[in-house]
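This report refers to the structure that appears directly beneath it.
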Amino acid sequence: MLNVTNDNGKLHASLAFSSPEMSKAFATSLLHSLNKVIASIYRSPETSLGDLDLCSDLDLILVQKFTKEVSVSHEVLLHDMTLEHARLTPDAPAICSWDGDFTYRELDDLKSRLALYLTDLGVGPETFVLRCFEKSSFAIIARLAILKAGGAYISIDASDPPIFLDSVVNRVDAKIMLTSPEYASKYASLVSNVISIAADMLKDLLMGSLSSTVQPGNACLILFTSGSTGKPKGIIQEHRSYATAVRDYNKVLGLGRHSRVFQFDDNAFDISNNDYLTALTAGGCCCVSTPEKAISGLIENINLTNANMSFMTPTIAIQLSPKDIPSLKLLCVGGEPMSNDLLIKWGPHVKLVNQYGMGEAATFCAYNDNPKLGHNAVVGKYGSGTIWIANPSSPERPVPVGAVGEILIEGPHLARGYLDDLCQKPDVGFLNIVPRWIADLHPSRATSSRIYRSGDLGRYRHDGTVEHMGRKDTLLKLNGGRVEATEVECIIRKTLSPGDLAVVDILGEIDGIHDPILVAFVYLVDNPANLLSEISDYEMSFLPITNRVRVNSLVEEMRNEVYTTLPKHMMPSLFLLVNRIPRTRSNKLDRRQLRQIAQKWYMGSLSV
């Protein structure tokens with residue numbers, strides 16, 4: 001409770017608070033912010049509320065402390081970091097895979113042969129080479145060979161549509177593709193030189209000295225994601241950014257020669273780069289599973305390879321049981337919010353780490369190696385760089401400690417930038433100029449720092465850690481009010497079983513013709529309404545949940561949970577059962593596609 005008294009023209013404010021709900025540090029910050037606001041209004045009464053500076057001197061002192069450390073750039077080549085282990089421990093296992101095991105000596109021999117062959121074909125610095133493989137040992141060898149030849153690789157998936165592939169090839173001017181034998185004929189017309197990689201082919205290649213002019217500032221890979229614009233977003237990573245990130249990643253997680261890192265994700269996705277690079281730069285072993293995607297196959301592969309570390313999405317991790325994979329000692333999760341159920345299930349059995357990152361930064365930006373129940377959104381401490389929290393409307397304005405703002409990333413692990421203008425968005429991306437308030441707090445970094453505006457929302461906790469609060473584009477406007485979609489989803493998720501999903505969005509708002517409504521899309525694994533599951537990627541089944549549907553009691557439970565926790569305007573008006581939730585290429589929720597498909601269905605239902 002805030003108490004304000006007038007003492008002979010002077011205002012005195014005091015704040016009474018309950019310690020379980022609010023820390024003393026947060027209460028102190030609130031009072032300092034209030035003092036700053038009142039002083040600002042007194043000095044400039046014409047200032048609009050939106051332009052008021054809420055950040056007190058105490059806030060700036062705290063932020064300066066939180067952001068004082070940024071890693072030194074590791075000016076080396078990625079493939080040289082693996083070469084070191086080929087010299088020191090040549091007979092140690094480097095790859096353990098369903099299609100063959102390789103020591104560091106054998107890995108270095110094969111990648112060197114292929115690298116020499118690629119240089120003869122013209123591969124060198126800033127040359128972009130496509131690669132398409134199922135999970136296999138040769139997928140890793142191909143990547144390292146491209147790097148050693150001086151080129152940069154672009155990973156594509158066999159299921160990528162032709163229009164996507166044509167866009168990628170044209171934009172990077174690719175001439176060469178490395179692929180497995182089963183895909184060679186499929187891509188024969190895509191680029192001029194398709195090279196089929198297999199064991200006999202590699203052994204037949206000549207050995208020789210390789211001269212490359214590649215430097216740490218050259219590109220090592222381009223990551224293509226679907227992007228929120230719907231156009232493939234090409235992110236260029238350099239050797240030094242990835243080298244810095246994997247060095248720091250290995251250090252904070254304690255990876256080393258004892259580490260057996262399971263390659264969880266498909267080769268086309270960014271996390272697969274982390275899996276093999278962290279393992280091989282730490283001197284450990286990369287454990288490669290079969291292409292099998294079923295949970296039973298995942299369990300079998302972890303056990304067969306004796307993997308002791310893995311990164312997974314929470315959606316996958318919650319479906320596994322610690323007793324089924326006893327070798328796993330370190331489990332990192334990210335890409336989606338971590339639930340209490342996951343923490344309860346895995347926390348007592350492994351070192352559980354909640355990670356936060358994005359394609360524009362190599363490996364990760366923050367990590368929480370001590371997650372606690374009820375604080376699942378805390379992504380914790382910083383990795384290679386640091387995190388700033390700014391006003392969502394303008395990175396030029398700071399926000400008080402504890403207030404929600406936009407996450408800005410600084411550090412040497414940031415990507416070079418985007419491939420072209422197709423990737424640019426006005427409110428997200430790499431900043432050309434470091435915001436003045438950031439430069440003032442750390443003048444020594446003012447000219448050398450690079451800042452990425454993420455579009456994610458977060459807030460500082462008073463211990464310096466960061467809490468992730470969703471995305472700017474999930475902040476919905478409804479009838480003059482604001483609804484944070486992820487906040488409603490988090491509440492609904494408490495009523496769901498592992499594997500079930502809920503996504504909240506607005507439908508019906510088209511040029512003011514129809515009143516918008518808040519909708520909760522609910523996916524239930526057991527499919528109680530028998531919705532069609534075999535349907536094209538651009539279609540979905542929708543079923544309004546009414547008293548006639550068996551899951552109506554579950555909806556009532558959802559309603560009660562939201563009603564007792566959040567304001568009335570954040571209550572969904574409509575609950576829809578769906579047969580699936582669309583995903584992006586990187587296996588994240590595709591809100592844009594869900595909204596488009598659902599809007600078409602909804603408008604059609606209104607006209608019936």
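Residues that are in contact with a helix residue (DSSP H, G or I) (Cβ under 8 Å, 6 or more places away or on another chain) and farther than 23 Å from C96 by Cα, at least 1 per element: which helices (runs of 4 or more DSSP H) completely within segment 126-222 meet that? If you could, list the steps in order and put the result at the bottom.
Details: elements: 137-149, 162-172, 199-204.
So the answer is 137-149, 162-172.
From the list E396, E360, which residue is within 15 Å of the chain's Cα centre (by Cα) and charged (D, E, K, R)?
Values: E396 fails: within 15 Å of the chain's Cα centre (by Cα).
The unique qualifying residue is E360.
Can F133 be described as modelled with pLDDT under 95, surrounded by 22 or more Cβ atoms within 10 Å (Cβ to Cβ) and either more than 30 Å from H12 (Cα to Cα) or in contact with a Cys (Cβ under 8 Å, 6 or more places away or on another chain) (or both)? Write out each step before concluding.
Details: modelled with pLDDT under 95: yes; surrounded by 22 or more Cβ atoms within 10 Å (Cβ to Cβ): yes; either more than 30 Å from H12 (Cα to Cα) or in contact with a Cys (Cβ under 8 Å, 6 or more places away or on another chain) (or both): yes.
When the stated conditions are applied, F133 passes them.
Cβ-Cβ distance below 7 Å, separation of 6 or more or different chains: which pairs start in segment 97-113 with a residue that is assigned by TED's automatic domain parsing to the domain that holds Y276 and without any contact (Cβ under 8 Å) to a residue 60 or more places away in the chain and end on one that is part of a strand (DSSP E or B) and surrounded by fewer than 22 Cβ atoms within 10 Å (Cβ to Cβ)?
As it stands, the answer is D101/P93; T103/P93, since those pairs meet every condition given.
Quick check: is even one residue across segment 46-57 crowded, with 16+ Cβ neighbours inside 10 Å, in contact with a strand residue (DSSP E or B) (Cβ under 7 Å, 6 or more places away or on another chain) and touching a residue at least 24 places away in the same chain (Cβ under 8 Å)?
Yes, segment 46-57 contains a residue that is crowded, with 16+ Cβ neighbours inside 10 Å, in contact with a strand residue (DSSP E or B) (Cβ under 7 Å, 6 or more places away or on another chain) and touching a residue at least 24 places away in the same chain (Cβ under 8 Å).
Considering only segment 489-546, state which residues are among the aliphatic types (A, V, I, L, M) and at pLDDT below 85.
Here is the first cut: in segment 489-546, the residues among the aliphatic types (A, V, I, L, M) are 491-492, 496, 501-504, 506-507, 510, 513, 517-520, 522, 524-525, 529, 531-532, 535, 540, 543, 545.
Within segment 489-546, I510, I513, V525, A529, L531, L532, I535, M540, L543, I545 qualify.
Could you figure out which of (1) of a type in the set (A, V, I, L, M); (2) outside any helix (DSSP H, G or I); (3) surrounded by fewer than 16 Cβ atoms within 10 Å (Cβ to Cβ) isn't true of I41?
So the condition that I41 fails would be (2).
Do we find that P181 is within 31 Å of the chain's Cα centre (by Cα) and assigned by TED's automatic domain parsing to the domain that holds F164 in this structure? Explain how you work it out, then say what you get.
Numbers: within 31 Å of the chain's Cα centre (by Cα): no; assigned by TED's automatic domain parsing to the domain that holds F164: yes.
No.
Over 30 Å from R416 (Cβ atoms) and among the polar types (S, T, N, Q): is that true of N354 in this structure?
no
Could you identify the single residue in L121, L147 that is closer than 30 Å to G256 by Cβ, in the same structural domain as S289 (by TED's automatic domain parsing) and of a type in the set (A, V, I, L, M, F, W, C)? Even if it seems obvious, please write down each step before you answer.
Details: L121 fails: closer than 30 Å to G256 by Cβ.
Every option except L147 fails the conditions.
Suppose we keep only residues that are part of a loop (DSSP other than H, G, I, E, B) and in contact with a Phe, Trp or Tyr (Cβ under 7 Å, 6 or more places away or on another chain) within segment 351-362. Which one would you say is surrounded by the most Cβ atoms within 10 Å (Cβ to Cβ)?
Step by step, filter segment 351-362, then rank; the result is A362.
Of a type in the set (A, V, I, L, M, F, W, C) and closer than 22 Å to R240 by Cα: which single residue out of V129, V168 fits that description?
On the way: V168 fails: closer than 22 Å to R240 by Cα.
Going through V129, V168 in turn, the sole match is V129.
For segment 581-602, what are the residues that are among the aliphatic types (A, V, I, L, M), at pLDDT 85 or above and touching a Leu at 6+ places or on another chain (Cβ under 9 Å)? Show your work before the answer.
Step one: of segment 581-602, the residues among the aliphatic types (A, V, I, L, M) are 581, 589, 594, 597-598.
Narrowing further to those that are at pLDDT 85 or above: 581, 594, 597-598.
Within segment 581-602, I581, A598 meet the criteria.
Given the criteria in contact with a strand residue (DSSP E or B) (Cβ under 6 Å, 6 or more places away or on another chain) and surrounded by 21 or more Cβ atoms within 10 Å (Cβ to Cβ), does R260 qualify? Outline the logic, then answer.
Working: in contact with a strand residue (DSSP E or B) (Cβ under 6 Å, 6 or more places away or on another chain): yes; surrounded by 21 or more Cβ atoms within 10 Å (Cβ to Cβ): yes.
For R260, the condition - in contact with a strand residue (DSSP E or B) (Cβ under 6 Å, 6 or more places away or on another chain) and surrounded by 21 or more Cβ atoms within 10 Å (Cβ to Cβ) - is met.
In this structure, does D463 turn out to be in a loop (DSSP other than H, G, I, E, B), in the same structural domain as A415 (by TED's automatic domain parsing) and either surrounded by fewer than 17 Cβ atoms within 10 Å (Cβ to Cβ) or in contact (Cβ under 8 Å) with a residue 24 or more places away in the chain (or both)? Don't jump to the end; show me each part of the working.
Working: in a loop (DSSP other than H, G, I, E, B): yes; in the same structural domain as A415 (by TED's automatic domain parsing): yes; either surrounded by fewer than 17 Cβ atoms within 10 Å (Cβ to Cβ) or in contact (Cβ under 8 Å) with a residue 24 or more places away in the chain (or both): yes.
Spelling it out, D463 is indeed in a loop (DSSP other than H, G, I, E, B), in the same structural domain as A415 (by TED's automatic domain parsing) and either surrounded by fewer than 17 Cβ atoms within 10 Å (Cβ to Cβ) or in contact (Cβ under 8 Å) with a residue 24 or more places away in the chain (or both).
Could we say that E396 is in contact with a helix residue (DSSP H, G or I) (Cβ under 7 Å, 6 or more places away or on another chain) and not hydroxyl-bearing (S, T, Y) here? Talk me through it step by step, then tell me what you get.
Details: in contact with a helix residue (DSSP H, G or I) (Cβ under 7 Å, 6 or more places away or on another chain): yes; not hydroxyl-bearing (S, T, Y): yes.
Yes.
Specify the residue that is farthest from A149 (Cα to Cα); the eligible residues are those in segment 73-112 that are crowded, with 21+ Cβ neighbours inside 10 Å and charged (D, E, K, R).
If we take residues in segment 73-112 being crowded, with 21+ Cβ neighbours inside 10 Å and charged (D, E, K, R), then D108 is farthest from A149 (Cα to Cα).
Taking segment 55-108, which residues are among the hydroxyl-bearing types (S, T, Y) and more than 30 Å from A403 (Cβ to Cβ)? Steps first, please.
As a first pass, look at segment 55-108 and keep what is among the hydroxyl-bearing types (S, T, Y): 56, 67, 71, 73, 82, 89, 97, 103-104.
S73, T82, T89, S97, T103, Y104, listed by residue number.
Which of the residues belonging to segment 295-327 are crowded, with 19+ Cβ neighbours inside 10 Å, of a type outside the set (G, A, S) and free of Cβ contacts under 8 Å to residues at least 40 places away in the same chain?
L298, P314, L320, I325
The values are calculated or read from the model by the stated rules, or taken from the named source; none is laboratory data. What you see is a predicted model, and the numbers here were worked out from it, not measured in a lab. Backbone-built Cβ (ideal geometry, glycine too); neighbour counts: all protein chains shown.
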